[in-house]
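K.L.:
Below is the structure I would like to discuss, written out as C-alpha cells.
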Amino acid sequence: MTVALKANQFEYKALYKPNQLIYGLGQTAVITGWTVKQAIALHLHTSEYAVIGQLYSPTRGINLLIRNLLYNPHVRFLVVLNATKEDKNAGAGECLLDFFFHGFEEGVSDNGLPCWVIRSNIPGYIDIEVEKSALEQLRESVKFASAKSIADAVNQAKSYALEETLPAWGKKLEFPLSTVQPSILPGPRYGHRIEGKTIAETWVKIIHRIKTTGTIRPTGYDGQWQELIDLIAVVTDEPEDFYFPEPNYLPIDRNFLQEYISQILDDAPYQEGVKYTYGQRLRSWFGRDQIEQVIQKLIGEIDAASAVMNLWDVKDHDKGGSPCLNHIWLRVVDNELSLTATLRSNDMFAAWVANAMGLRALQQHIRDDIAKRSEYDLKMGPLITISQSAHIYDDTWSNAEQLIQKQYAAICRKIDYNDECGNFLIEVDQGKIVVTHTTMGSGEVVGSYFGKDALTLIREICAASPSIRPDHAGYLGMELNKAAECLKIGKQYVQDRK
Ligand SMILES: O=c1ccn([C@H]2C[C@H](O)[C@@H](COP(=O)(O)O)O2)c(=O)[nH]1
C-alpha cells in the first residue's frame with residue numbers, strides 16, 4: 001500500500017549541535033539514543049520527520065535538545081527510541097520522557113548550581129535561564145511516544161506523519177547560555193603519567209591535570225574540549241569490590257557498574273543501528289573469543305609479552321562510530337597480572353571511570369580464570385590506561401572545576417612520601433655533602449653523590465633519576481641547601497632537623 005505523503009515544508013534550525021543532526025521537513029523529532037540516527041533516517045521520507053538526533057546523556061544532552069525544541073515550535077511530535085543496553089544504562093531517553101510525563105522543579109545540578117531538575121529517577125537538568133512557562137508550554141504542546149526498536153520508532157514516526165498538519169505552538173524561543181573560558185597553565189602537551197591507589201583518586205588527579213594544562217580544541221561535535229595527548233593512568237590498588245567514595249562523587253554508581261561490566265565481558269549479537277559493544281568485539285567479532293585466547297596464552301606461556309586483545313577493525317574507517325577502546329594487553333611480572341588498555345579517544349570526565357572499572361573487572365576475570373585452570377595464583381597488578389586523546393568536553397567544565405575544588409586538595413593531603421625512585425640520605429662528611437641513594441623497600445645502596453653546592457647536587461640527582469617525584473625533589477633541594485649552609489658556617493647538619 002502506498003501512502004500519500006503530506007507536503008509539509010517545515011525547516012528545523014538547530015541552535016546547538018547543528019552538525020550532529022539529520023534534518024527533514026516534517027513535525028516529528030526522533031530521538032535515537034545510542035542507536036545510530038542513520039538507521040532511522042533510512043526508513044523514513046524527509047516529510048515524515050523534522051529532525052533525527054542521538055541523545056547520549058541526560059545531564060548533558062537534554063538541556064541542549066530542549067533548547068533546540070523551543071527554537072523549533074513546529075515540532076509537535078516526539079519519538080524516543082530506547083533500544084539498547086547503553087540506553088538503559090545511560091537513562092537519557094527515560095529521563096526525557098519523564099520531563100514530558102512528570103515535569104520538572106527548581107533544584108540544583110551536580111555542581112551545586114540552581115537549575116530545573118527533571119522529575120525522574122535519572123538525574124537530568126535544564127538551565128535555569130530557560131523560562132519555566134516556555135518549558136510548560138513545550139510539555140503541553142508536544143505529543144510523545146517511546147519506542148523499543150527501530151521498526152517501532154519508524155512506525156510511530158510514520159503514524160504521526162499521517163496526522164493533520166498542526167500550526168507551530170508558539171514563537172521561536174531562545175534563552176542565553178553561559179559558558180566559562182578556563183585559564184590554562186603552561187605544561188607539556190604530549191605524554192603524561194598519573195598514578196593513584198584507586199580509580200577515584202586517579203580520576204580526580206586526571207581531571208585536575210587536563211583542566212589546568214590541557215589545550216582547548218574544537219571537538220568533532222560542535223563544541224570544544226580541553227585535551228592532553230597520551231595520558232597514562234596507573235591505578236595500583238583498586239580493591240576487588242571497587243572503591244566508591246562516600247558521598248559518591250564519581251559519575252557512576254554500583255548499579256550502573258554492574259550493567260556496564262556486562263558490556264565489556266559478555267558477547268552481544270549484532271543489532272542494526274548499534275555501533276559496537278566491547279564484549280562483542282572481544283568475544284565474537286573477529287570469529288574468536290579473544291578473552292579466552294589470552295587466558296590460554298598466559299597459562300601456556302606465563303612470560304608471554306603477546307597476550308593481546310584487539311578491538312579495532314580495519315573496516316572501522318569506512319563508517320563512523322568506531323570503538324574508543326582499541327587494544328588490551330596483559331602481562332605477568334613478579335607473579336602479578338597487569339592490564340594495559342589503549343583508548344584512541346577518551347572522555348575523561350564522563351566515561352573514564354566506567355571504562356577503568358569495566359577494564360578492572362576484565363582483569364579480575366582473567367586472573368580468576370587463570371587461577372581456576374592452572375597452578376598460577378597471580379596477584380592483581382596495576383590497571384593502566386593509555387588515553388590518546390584525553391579530553392574533557394566544554395559542557396562538563398564546570399563540573400570538573402567543582403570536582404577539583406572539592407576533592408583535589410584533600411587527595412593531595414593524603415599522599416604518602418614513598419617515592420618509587422628511592423630514598424636519598426644526606427650527610428656532611430669531611431668537608432663535603434654526601435648523598436646516598438637507596439631503594440625504597442630493602443634500603444640497598446644504589447648510588448652516591450658528593451659535592452658542596454646544593455644546586456649542582458640536586459641537578460645531578462634529578463638527571464640520574466628523572467622520574468623522581470616533584471615534591472621529593474623540592475624537599476631534597478631544601479635539605480641540600482641546609483647542608484650547604486651548615487658546611488659554610490661549620491655547624492652540624494642532621495637531615496630533617498630544623
Ligand atoms: O568507552 C568509551 C566510549 C566513548 N568514549 C568517548 C570518547 C569520545 O569523546 C566519544 C566518542 O567519539 P568518537 O571519537 O567516536 O567520535 O566518546 C569514551 O571515552 N569511552
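K.L.:
Which percent, to the nearest 5, of DSSP beta bridges fully inside segment 18-162 are antiparallel?
P.N.:
Among the beta bridges of segment 18-162, antiparallel pairing accounts for roughly 45 percent.
K.L.:
Run the reach check for K406 against lysines, Cα to Cα strictly under 26 Å, same-chain hits fewer than 8 apart removed. What comes back?
P.N.:
K197, K205, K211, K414
K.L.:
Full extension from H317 to V108: what is 0.36 nm times the residue separation minus their Cα-Cα distance, to one decimal in nm?
P.N.:
Details: separation 209, 0.36 × 209 = 75.24 nm, distance 4.16 nm.
Length difference between fully extended and current span is 71.1 nm.
K.L.:
Another one. Under 19 Å from a point placed 7 Å out from the Cα of Y417 along the Cα-to-Cβ direction: which residues of segment 434-478 have their backbone N that close?
P.N.:
434-444, 458, 462, 468-478, by backbone N distance to the label point.
K.L.:
For each pair in K297/K372; K88/K132; K85/K143, compute the distance between the two Cα atoms and list the pairs where it is over 21 Å.
P.N.:
Values: K297/K372 15 Å; K88/K132 28 Å; K85/K143 26 Å.
Where the Cα-Cα span goes over 21 Å, the pairs concerned are K88/K132; K85/K143.
K.L.:
Quick one: length gained pulling E174 to V445 fully straight, 0.36 nm per residue minus the C-alpha distance?
P.N.:
Values: separation 271, 0.36 × 271 = 97.56 nm, distance 6.91 nm.
Extra length from E174 to V445 when fully extended: 90.7 nm.
K.L.:
Moving to a separate point now. I'd like the distance separating the alpha-carbon centroids of segment 59-138 and segment 191-268, in whole Å.
P.N.:
For segment 59-138 versus segment 191-268, the Cα centre distance is 25 Å.
K.L.:
At 1.4 Å probe size, what's the solvent-accessible area of V234? Round to the nearest 10 Å².
P.N.:
20 Å²
K.L.:
Okay, moving on. With the Cα gyration tensor of segment 57-159 in hand, give its eigenvalues times 5 under a square root as the equivalent ellipsoid semi-axes, listed largest first in whole angstrom.
P.N.:
Result for segment 57-159: semi-axes of 23, 17, 10 Å.
K.L.:
Shifting gears a bit: Counting only the backbone N, which residues of segment 286-315 are under 18 Å from the spot 7 Å out from the Cα of K372 toward its beta-carbon?
P.N.:
Those under the cut-off are 289-300.
K.L.:
Now, a different point. Let's test the formula: R0 of 45 Å, r as the Cβ-Cβ distance of K452 and I232. What FRET efficiency results, to the nearest 0.05?
P.N.:
0.75
K.L.:
Say R0 is 25 Å: what FRET efficiency, to the nearest 0.05, do A410 and E195 get from their beta-carbon distance?
P.N.:
Once the sixth-power term is evaluated, E becomes 0.90.
K.L.:
Still on this structure: I need to check one value: relative contact order of segment 57-184, counting alpha carbon pairs closer than 8 Å and at least 6 residues apart, in percent.
P.N.:
It comes to 35 percent, rounded to a whole number.
K.L.:
Pop a pseudo-label 7 angstrom from the Cα along the beta-carbon direction at both E485 and T215 and give the gap in nm to one decimal.
P.N.:
Each label point is offset 7 Å from its Cα along the Cβ direction, giving 4.3 nm.
K.L.:
May I have the extent of the alpha carbons of segment 423-489 along their three principal axes, as whole Å values ordered from largest to smallest?
P.N.:
The principal-axis extents, from largest down, are 34, 22, 15 Å.
K.L.:
Once you order the gyration tensor axes a ≥ b ≥ c over the Cα atoms, which shape class does segment 25-85 get: rounded for a/c under 1.5, otherwise prolate or oblate by comparing a/b with b/c?
P.N.:
Since a/c reaches 1.5 but b/c is at least a/b, the shape of segment 25-85 is classed as oblate.
K.L.:
State, to one decimal in nm, how far the label point of E11 lies from the label point of K143, with both points 7 Å from Cα in the Cβ direction.
P.N.:
According to this spin-label approximation, the distance is 2.7 nm.
K.L.:
Starting from the eigenvalues of the Cα gyration tensor, five times each then square-rooted, give me the equivalent ellipsoid semi-axes of the chain, largest first, whole Å. All intermediate terms of the calculation are to be shown ahead of the outcome.
P.N.:
Numbers: eigenvalues 555, 164, 60 Å².
Ellipsoid semi-axes (Å, largest first): 53, 29, 17.
K.L.:
Return one whole number: the accessible area per residue of the chain in Å², for a 1.4 Å probe.
P.N.:
With the other protein chains kept in place, the chain gives 49 Å² per residue.
K.L.:
What is the magnitude of the charge dipole of segment 423-489 about its Cα centre, with +1 placed on the Cβ of each Lys and Arg, -1 on the Cβ of each Asp and Glu, and no other charges, expressed in debye to the nearest 20?
P.N.:
With only Lys, Arg, Asp and Glu charged at Cβ, the dipole is about 140 debye.
K.L.:
Something else now. Which FRET efficiency value, to the nearest 0.05, is calculated for Y475 and F101 with the Förster distance at 45 angstrom and r the Cβ-Cβ distance?
P.N.:
0.15
K.L.:
What lysines does K432 reach when the alpha-carbon gap must be under 20 Å and sequence neighbours fewer than 8 apart in one chain are set aside?
P.N.:
By straight Cα distance, K432 reaches K452, K482, K488, K491, K498.
K.L.:
With contacts defined as alpha carbon pairs under 8 Å and 6 or more residues apart, what's the relative contact order of segment 423-489 in percent?
P.N.:
It rounds to 31 percent for segment 423-489.
K.L.:
Another question, then. Quick one: angle between helix 254-265 and the longest Cα principal axis of the chain, in degrees between 0 and 90, rounded to 10, please.
P.N.:
It works out to around 90 degrees.
K.L.:
Taking only Cα atoms, what is the 0 to 90° angle, nearest 10, from helix 352-373's long axis to the longest principal axis of the chain?
P.N.:
70 degrees
K.L.:
Among DSSP beta bridges whose residues both lie in the chain, state the antiparallel percentage, nearest 5.
P.N.:
In the chain, approximately 65 percent of DSSP beta bridges are antiparallel ones.
K.L.:
Once you place label points 7 Å from the Cα toward the Cβ at D266 and E129, how far apart are they in nm?
P.N.:
With each label point 7 Å from Cα toward Cβ, the separation is 4.3 nm.
K.L.:
Here is a follow-up. Once the Cα atoms of helix 470-489 and of the chain are each reduced to a long axis, what angle between those two axes, in degrees from 0 to 90 to the nearest 10, is obtained?
P.N.:
The two axes meet at around 30 degrees.
K.L.:
For the chain, what is the mean residue ellipticity at 222 nm derived from helices alone (per DSSP H run of n ≥ 4: -39500 (n - 2.57); sum divided by total residues; nearest 500 deg cm²/dmol)? It would help to have the intermediate numbers written out before the result.
P.N.:
Working: 14 runs with 157 residues, N = 498.
It lands at -9500 deg cm²/dmol.
K.L.:
Would you mind telling me the share, in percent, of accessible area of the chain contributed by carbon and sulfur at probe 1.4 angstrom?
P.N.:
That share works out to 53 percent.
The values are calculated or read from the model by the stated rules, or taken from the named source; none is laboratory data. If you're wondering where the values come from, they're calculated on a predicted model, not measured in any experiment. Backbone-built Cβ (ideal geometry, glycine too); neighbour counts: all protein chains shown. These accessible areas exclude ligands, DNA and RNA; they are computed on the full protein's heavy atoms, side chains included. Shrake-Rupley method; radii C 1.70, N 1.55, O 1.52, S 1.80 Å.
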